[in-house]
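Have a look at the structure below, then the notes.
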Amino acid sequence: MLLMLYLAGRRNPYPLLKSLEIQKRVMPSCWFLLLRFWLRVDGALMRLRDTRVFCTFNQNSKPLIIREICWRETSFKALASKSIDNETKEKQEESEK
């Protein structure tokens, strides 16, 4: 199952895109959950927050739950310095004007 939410925010001087994605998978012996929040502020930054939860269980022991959290963030300037594409460079140049 995949659930994606596009979140509306307050007015911002930068174009803003936010999304929250939830995925789950349930099997006879375990389940897995992914919660991903993604934020892009054009000309400024990109941010990603992932939370993954895995639970395994069987009849002979207690359930084992593993949680992993990952935070990633970078600026458009850092991405442009890595030469990802011309469109990103153009947006960065426009935001610096």
How far apart, in nanometres, would the label points at Trp38 and Lys18 be if each is projected 7 angstrom from Cα along the Cα-to-Cβ direction?
1.6
Label-point separation in nm, Thr56 to Ser29, each point 7 Å along Cα→Cβ
0.8
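Since every read-out is calculated from the coordinates, none of them should be taken as a lab result. A quick note: this is a predicted structure, and the numbers were derived from the prediction, not measured. Glycine also receives a Cβ, built like all others from the backbone with ideal geometry; neighbour counts cover every protein chain displayed.
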